[in-house]
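Undergrad: Please read through the structure below; I'll follow up with questions.
Readers should treat all values here as calculations from the given coordinates under stated rules, not as data from a laboratory. Here the structure is a predicted model, which is why all the values come from computation and not from measurement.
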Amino acid sequence: MWPKAVHIAGEDGRRALLKADEEGSAEGGGGSGVLDDYAAEFARLRGVARDKFQHMPEASPSTRAEAINSIEKLLSEMESNRRQVQTLVKFESSGSASVRQQWTQRLPEWTGEISSLRGQLERAREDHQRMALDLPFTNGHTAERERAVQSTEMMERSSSRLEDASRVALETESLGAEIIRDLHDQREVIARSRDNMRTVGSELSSARRALDRMNRMAQQNKCIVQVIGTVFAIGITVWILCILGLSMKLTIALATALVAICAVCRYLRQRWRARGQ
């Protein structure tokens, strides 16, 4: 059975809108003609929806489904009508302040009417679905009931799969975000390591150049020491050979030869020690 609130709410809404329409016709004038047309259209749509609600309880299931779809379209048209009136009232500058105030007060009533009718429509749709599921298992309705049950089970399984897929997607997104953060941290570590390697490479290059300079200086000092030692050894040898009373040229040549022989012997001994090690 359909709730009596449908008829009571419909009658109350009709009386409220009829009263609002009568007041608009009495006070409207000048630039309110278009708004009155919208009000008349709204009342007509409301009346058609109310009639469909009244004839719905004794209608067949197929007719009831068509009536529900038709009422949904009527409510959409009523909502569009209300929005158009709201736009006209908002941007209309030629009307008087009283007319604007009247329509500003009427629009919330229209909104309430539409909300009430939508509530009735939702209850009617729920009752229609319940009646469709509660049909007896006779007169060939068993197959329809089974199909309805199968459809419901399929929808539940699909909803469960969608929830699982959504959960997996959220977990994957969270894991991806963590991986991205880890990669970002590793990138920063690698960048710092690269900078440190550049610094170490620069310091090693500076140290290598310093060692090369020190090595060259050591070689130069070694050569200088060897030259000084050779000259000093030749001088000492010449001084010692002066005892023999030989000529100066012969003495210098003999001293040079002796120093050279000593240097060769020392070099050969160092090589022999190095080879032995």
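Undergrad: Between residue 254 and residue 104, what length in nm is gained on full extension when 0.36 nm per residue of separation is reduced by their alpha carbon distance?
TA: Numbers: separation 150, 0.36 × 150 = 54.00 nm, distance 13.46 nm.
Between residue 254 and residue 104, full extension yields 40.5 nm more.
Undergrad: Could you run the Karplus curve 6.51 cos²θ - 1.76 cosθ + 1.60 with θ = phi - 60° over the range 42-50 and give me ³J(HN,Hα) per residue in whole Hz, x for Gly and Pro?
TA: Working through the residues one at a time gives 4, 5, 5, 4, 4, x, 5, 5, 5 Hz.
Undergrad: Quick check: residue separation of residue 270 and residue 219 times 0.36 nm, minus the Cα distance between them. What number comes out in nm?
TA: Working: separation 51, 0.36 × 51 = 18.36 nm, distance 1.79 nm.
Result for the pair: 16.6 nm of gain on full extension.
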